[in-house]
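Written out below as structure tokens is the structure these notes cover.
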Amino acid sequence: MWRCPDCGAYVGCHPGTEEPLGRLANAELRYWKKLAHDAFDLLWKDGVINKIWPKYIKGITNRTKAYIWLSNKLGIPKERMHIGMLNIEDCKRVVEICKIKEDEHTCT
């Protein structure tokens, strides 16, 4: 774990490494990253991404496909698109973009 003793921000590491999972995050950023992940995970875990973006991309997982779709929506290069690296404003945008209409399984 990386931690700032002054402000209390922290970030976990990939198992068995010192490589951070994202960026240092204070309580507010951690809150928004959790909301963003909750909204985003609904897209790929049940395959909803294939309904809202039916494009076939050979050899990729639903999760990767959802990240490509999200990178297009946010205007962030797909190589750098990861919720762990976003700031508060971008996390708020993810929450809005990924809101699922439960009855239609589409995104706004």
Task: Around residue 73: net Lys/Arg minus Asp/Glu count, Cβ-Cβ under 15 Å - done: +4
TODO: Determine the dipole magnitude for the chain: charges of +1 sit on the beta-carbon of Lys and Arg, -1 on that of Asp and Glu, nothing else is charged, the reference point is the Cα centre, and the result goes in debye to the nearest 20.
DONE: 360
Open item on the list: For q values of 0.11, 0.13 Å⁻¹, compute log₁₀ I(q)/I(0) with the Debye formula on a Cα-only model of the chain, without solvent.
Closed with: -0.38, -0.52
- [ ] Please give the net charge around residue 97, taking every other residue with its beta carbon less than 11 angstrom from that of residue 97, where Lys and Arg add +1 and Asp and Glu add -1.
- [x] +2
Open item on the list: Where in the chain is the longest stretch that carries no GluC sites (Glu not before Pro) classed as loop by DSSP and with at most 15 other Cβ atoms within 10 Å?
Closed with: 19-101
Task: Amide hydrogen neighbours beyond the local backbone of residue 25, cut-off 5 Å, H modeled - done: 10, 11
Task: Where trypsin sites (Lys or Arg not before Pro) in DSSP loops with at most 15 other Cβ within 10 Å are excluded, longest remaining stretch of the chain - done: 59-98
TODO: Have a look at 83, 61, 42 and report the one farthest towards the positive end of the charge dipole of region 26-107, computed about the Cα centre with Cβ charges (Lys/Arg +1, Asp/Glu -1).
DONE: 61
- [ ] Using only Cα atoms, find the angle between the long axis of helix 27-45 and the longest principal axis of the chain, and express it within 0 to 90 degrees, rounded to the nearest 10.
- [x] 30
- [ ] Would you calculate, for the chain, the mean residue ellipticity at 222 nm contributed by helices, counting each DSSP H stretch of 4 or more residues as -39,500 (n - 2.57) and dividing by all residues, to the nearest 500?
- [x] -13000 deg cm²/dmol
Task: GNM top mover of 75, 16, 47 - the chain, alpha-carbon springs below 10 Å - done: 16
Task: Candidates 46, 38, 90, ranked by Gaussian network fluctuation over the chain, Cα under 10 Å, top entry - done: 46
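Bear in mind these aren't lab numbers, they're just calculated from the coordinates by the rules spelled out. Given the structure is predicted, the values throughout are model-derived calculations rather than measurements. In this analysis, Cβ positions are derived from the backbone assuming ideal geometry, glycine residues included, and neighbour counts consider all displayed protein chains.
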